[in-house]
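Written out below as structure tokens is the structure these notes cover.
The values are calculated or read from the model by the stated rules, or taken from the named source; none is laboratory data. Note that the structure is predicted; figures quoted are calculated from it, not measured. Ideal geometry is used to build each Cβ from the backbone, glycine not excepted, and the neighbour counts take in all protein chains shown. Please note that ligands, DNA and RNA were not included when accessible areas were found on the heavy atoms of the full protein model with its side chains. Shrake-Rupley method; radii C 1.70, N 1.55, O 1.52, S 1.80 Å.
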Amino acid sequence: MSLEAAPPAPLTRLSSFLYLRPRLVLTLLLVPPLLWLGIVYLGSLFSLLAQSFFYVDDFSGLTVYEPTLRTYGELFTDANLTIILRTVMMAAAVTIVCGVIAFPLAYYMARYAGTKSKAIFYLAVMLPLWSNYLVRVYAWKLILAKEGAISWIFDQLHLGWLLDGVLSIPVIGGPSLSASYIGTAIVFIYIWLPYMILPVEAALERVPRSLLEASADLGAKPRATLRKVIFPLAIPGIAAGSIFTFSLTLGDYIIPNLVGSSRPFIGQVVYGLQGTAGNLPLAAAFAMVPVLVMAGYLTVAKRFGAFDAL
Amino acid sequence: MPSKAAANTSQRMGERPSLSLRAAATFGLLFLNLPLAFILLYAFSTDDRSFTFPPPGLTLKWFAVAWERDDIWQALWLSVRVAMMGTAIALVLGTLAAAAMFRFRFFGKESVTLLILLPIALPGIVTGISLRSAFGVADIPFSYWTIVLGHATFCIVVVYNNVIARLRRSSPALVEASMDLGANSFQTFRHVVLPNIATALLAGGMLAFALSFDEVIVTTFTAGQQQTIPIWILGQLLRPRERPVTNVVAVFVILVTMLPILCAYWLTRDTHDASGSGK
């Protein structure tokens, strides 16, 4: 028995011990992140959900901790429905314009950019995405201001009347671009545009060249190929991008607060209700609106193959 | 289908892009990048009251004024401390999660993926108000740690994405070889796996840092009276005082976040989809 090797080092023994117990290893790995996400995040979400089933007593102004649906009922007043409708319409408009601007850019990236220029395109799309959100909103405040760059350009082109004409349109117009829905929409579009470009580009890149050749061989003009071959294949990407543009617009409260008219969006109402108004139950119920709208949206987007394109 | 994607890039169509396509693509790129140039321009403006374009004159004075302001330094220091702690927590939890998800199949795996992604998939305001209401229920006073709690939660996914993408790309044969040669799993991790994922960890950490440094929506709900740099900027946008100072801070913030992101891009440039997607 003198030939027996020295007993293995403790770490090696522990290693062998664990090797035979993969379940234990999995548990050890997964427990810390799950504890964090489960307690901090899910716990918070449930506490919010619970809040939405309480209500604030009109007379005392205190929260009554009895399960009820009356706070949800308050969402259905005219004023609140208008706010929800306004936000959803804005999200839809922003999503559509983002799609229109993103498609040609993504198409160019996917089809015509070489390896090098594609890297530059990626950076040019990613850098605004990653540079500070507030700073980018602020940049547009400078540009859209009454005395800012856009007015100046219109004046230089002697088109000031055109800008004034657009701003005099009821509802979407206002005293200046930075105090109108047009301004709000421009900033939303600018901020979320990269979220649309990236998935559309990814979808377009997957279109095999042979399909385009086949289409041309069968006599389709480039425009017909675009409409009947390329565009349908890009739909999953567009659906994926629209999830971001739509969801982010629904929840944002800073952009409409800084740029736009004083008519509120869902996010602003939620922020105001939980802060100064101290009506956390109604704020919670309002916060559930984007969650529910997005749940519905995701179901539809899934049918268009959005999840395969992510 | 990466092979097809690659083929698509290399063999480009013989035809040239049409003029209107090129114009539309150029418009998109300018629209995305030009606005940031305005911040830079206005940081030098002599005009401190309005947003007049073009600025009436240029000066370096505002950089000196910003340097002297204590409130800016305090906000900056808080942002740095929060981002470092949030990144550290996210690095540990994100890597553990990535290792578990890469290595094992188990019941409920899809739900775990969803749970990791959810803090970024739901609008920030939902995360923010949830945390706020939980702090209320649990009677937790606002502090440095309440901000960190929120930031670490949405930074986990960035680290997770980077690490799992790298793990999927690395060859399992390396680990097997190491074990065959008699290394235990700790040695294998230290000498084989860790060097392999090091740049992914670095990139994920940098992106998490940049994300935390920029975060404003969740922070407004979890900060109480404390000011991070984005909260400071938000305050300036709502109640402006010395506008060009805000522009100087904005230029600085752009630099602080862009540098780590460029590094992260460079570190993961061969892992196509690794750099964290979406805020």
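Some observations on this one:
- Helix-only [θ]222 nm of chain A, DSSP H runs n ≥ 4, -39500 (n - 2.57) each, per residue, nearest 500: -22000 deg cm²/dmol
- Solvent-accessible area per residue, Å², over the protein assembly as shown with all protein chains present [probe radius 1.4 Å]: 48
- Anisotropy class of the range A:20-79 from Cα gyration tensor, a/c 1.5 cut: prolate
- Shown are A:GLU201, B:GLU110, A:GLU66, A:GLU74, whose ranking by accessible area with a 1.4 Å probe and every protein chain present, most to least, is B:GLU110, A:GLU66, A:GLU74, A:GLU201.
- For A:TYR55, residues with placed amide H under 5 Å, excluding near neighbours: A:VAL64, A:GLU66
- Given charges at Cβ of Lys, Arg, Asp, Glu: chain A dipole, positive-most of A:TRP192, A:GLY260, A:VAL125: A:VAL125
- Mean sequence separation of contacting Cα pairs (under 8 Å, at least six apart), scaled by the length of chain A, corresponds to a relative contact order of 23 percent.
- Largest to smallest accessible area among B:GLU215, B:GLU68, A:GLU213 [probe 1.4 Å]: B:GLU68, A:GLU213, B:GLU215
- Kirkwood Rh and Cα Rg combined as Rg/Rh, the range A:1-111: 1.35
- Fluctuation leader among A:LEU273, A:LEU20, A:LEU85 - chain A, Gaussian network, Cα springs under 10 angstrom: A:LEU20
- Share of pairwise Cα separations in the range B:114-222, more than 17 Å, in percent: 62
- One equal scatterer on each Cα of the protein assembly as shown, no solvent, Debye formula: the resulting log10 I(q)/I(0) at q = 0.05, 0.09 Å⁻¹ is -0.24, -0.78.
- Dipole orientation for the protein assembly as shown: of the candidates B:LEU131, A:LEU14, A:GLN156, A:LEU14 has the Cα lying most toward the positive pole (charges on Cβ; Lys, Arg +1; Asp, Glu -1).
- For the chain pair A and B, the interface hides roughly 8800 square angstrom of accessible area in total, found with a 1.4 Å probe.
- In chain B, inverting the average of 1/r over every pair of distinct C-alpha atoms gives 21.8 Å as the Kirkwood radius.
- Three-way shape call for the range A:234-310 based on the alpha-carbon gyration tensor, with the a/c threshold at 1.5: oblate
- Taking every residue in B:180-190 and counting other chain Cβ atoms within 10 Å of its Cβ, the average works out to 3.
- In the range A:39-191, the C-alpha radius of gyration followed by the widest Cα-Cα span (Dmax) gives 22.3, 68 angstrom.
- Under 5 Å, built H, 5+ apart or other chain: amide partners of B:SER45: B:THR59
- Apportionment of accessible area to carbon and sulfur, the protein assembly as shown, percent (1.4 Å): 68
- Estimated FRET transfer efficiency when R0 is 60 angstrom, pair B:ARG169-A:SER60 (beta carbons, to 0.05): 0.50
- For chain A, built as a Gaussian network whose Cα springs stay under 10 Å, the top-fluctuating residue of A:THR299, A:THR82, A:THR276: A:THR276
- Nearest-10 value in Å² for the accessible area of A:ILE197, using the 1.4 Å probe: 0
- Peptide A:31-40 has a mean of 6 when you count, residue by residue, the C-beta atoms of other protein chains within 10 Å of its C-beta.
- Rg to Rh quotient for the range A:69-304, alpha carbon positions, Kirkwood Rh: 1.03
- Among the residues of A:142-154, the average count of other protein chain beta-carbon atoms within 10 Å of the residue beta-carbon is 4.
- Where Cα atoms sit under 21 Å apart: lysine pairs in the protein assembly as shown separated by 8 or more or lying on different chains: 5
- Karplus-derived 3J(HN,Hα) values for the range A:235-246, using 6.51 cos²θ - 1.76 cosθ + 1.60 with θ = phi - 60°, are 4, x, x, 5, 4, 5, x, 5, 4, 5, 4, 5 Hz; glycine and proline are entered as x.
- Positive end of the dipole of chain B (Cβ unit charges, origin at the Cα centre): among B:ALA23, B:VAL163, B:ALA100, the Cα lying farthest that way belongs to B:ALA23.
- Residues in the range A:108-124 occluded by at least 40 Å² - accessible area, probe radius 1.4 Å, against chain by itself: A:TYR108, A:ARG111, A:TYR112, A:TYR122, A:LEU123, A:ALA124
- Rounded FRET efficiency, nearest 0.05, which uses the C-beta distance separating A:LEU14 from A:ALA214 and R0 of 51 Å: 0.30
- In Hz, Karplus ³J(HN,Hα) per residue of the range B:40-47 (6.51, -1.76, 1.60; θ = phi - 60°; x = Gly, Pro): 4, 4, 6, 5, 9, 5, 7, 8
- Sum of -39500 (n - 2.57) over DSSP H runs of 4+, divided by residues of chain B (222 nm, nearest 500): -24000 deg cm²/dmol
- Computed label-point distance, nm, for sites A:LEU49 and A:LEU75 using a 7 Å Cα→Cβ extension: 1.4
- Candidates B:PHE44, B:PHE102, B:PHE53, ranked by Gaussian network fluctuation over chain B, Cα under 10 Å, top entry: B:PHE53
- Computed with every protein chain present, the accessible area of A:ARG209 is close to 60 Å² [probe 1.4 Å].
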